[in-house]
Amino acid sequence: MVQNYQNAMAIYKWAHCPNVFFTCTCNPQWPKIKIALLLGQQPQDRLDLVTRMFKIKLKELINDIHKKHILGRTIAGIYVIEFQKRGLPHAHILIFFAEDCKSHTVEVINHMINAKLPNPETNKLAHEMVAICMMHGPCGAMFPNAPCMEEGKCKK
């Protein structure tokens, strides 16, 4: 672990500040995970399978970023994998772009970062995925048995 830290600090010193930080989280509802489960099993019963699938998808993402340059030409990257309380892996990723690919304007950065709910009429699949994976709820008075409810109020 100390060696990994020293390597990361050497990359930081050489490449300067990272340009992008993002998190990639495992989704236990990925079809390949669900297909591999035996009858009656839940993803939390097969953490070996969930972790392996996450590692495969993370490797594909890193390949897309560094070899296919989907975000621009990169010169370095650092990531660390952590496990949440419920056992799901997630990765924190730092990306360092080549000087000619760095975003220097608000417009370019706003084009890369989008925090809007996709339009369900023009992109139904993206809208469903964001609603399922990224939005909290439903909860509140109409859903008193939601996992986030404590003493009649949402704890989030």
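Here, each number is a calculation from the coordinates, and none is a lab measurement. Please read all numbers here as calculations on a predicted model, not as lab measurements. Cβ placement follows ideal geometry from the backbone for every residue including glycine, while neighbour counts extend to all protein chains displayed.
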Query raised in the report: Given springs between every Cα pair under 10 Å in a Gaussian network model of the chain, which of Ala126, Ala98, Ala15 has the largest fluctuation?
Result: Ala126
Query raised in the report: If the cut-off is a Cα-Cα distance under 17 Å, which lysines reach Lys68, setting aside same-chain residues fewer than 8 apart in sequence?
Result: Lys57, Lys59, Lys102
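Nearest 500 deg cm²/dmol is fine: what mean residue ellipticity at 222 nm does the chain get from its DSSP H runs of n ≥ 4 alone, each adding -39,500 (n - 2.57), divided by its residue count? Before the final figure, lay out the partial values.
Numbers: 5 runs with 57 residues, N = 156.
Taken over the chain, the calculation gives -11000 deg cm²/dmol.
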Query raised in the report: Among (i) 21, 19, 15; (ii) 56, 42, 21; (iii) 32, 22, 17, which is the computed semi-axes √(5λ) of the Cα gyration tensor in Å?
Result: (iii)
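Write down the Å³ per residue value for the convex hull defined by the alpha carbon atoms of segment 117-156.
Details: hull volume 2.9 nm³, N = 40.
Taking only Cα atoms, segment 117-156 has a hull volume of 73 Å³ per residue.
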Report task. Could you please state, rounded to a whole Å, how far the C-alpha centre of segment 104-156 is from the C-alpha centre of segment 14-55? Result -> 20 Å
Requested in this report: Return the single residue from Gly87, Gly77, Gly140 with maximal mean-square fluctuation; model: Gaussian network over the chain, springs between Cα atoms under 10 Å.
Outcome: Gly140
Report task. Set the Förster distance to 35 Å, then compute FRET efficiency between Thr122 and Leu47 from the Cβ-Cβ distance, nearest 0.05. Result -> 0.40
Report task. Run the quick spin-label model on Met134 and Val108: label points 7 Å from Cα toward the beta carbon, then report their separation in nm to one decimal. Result -> 2.3 nm
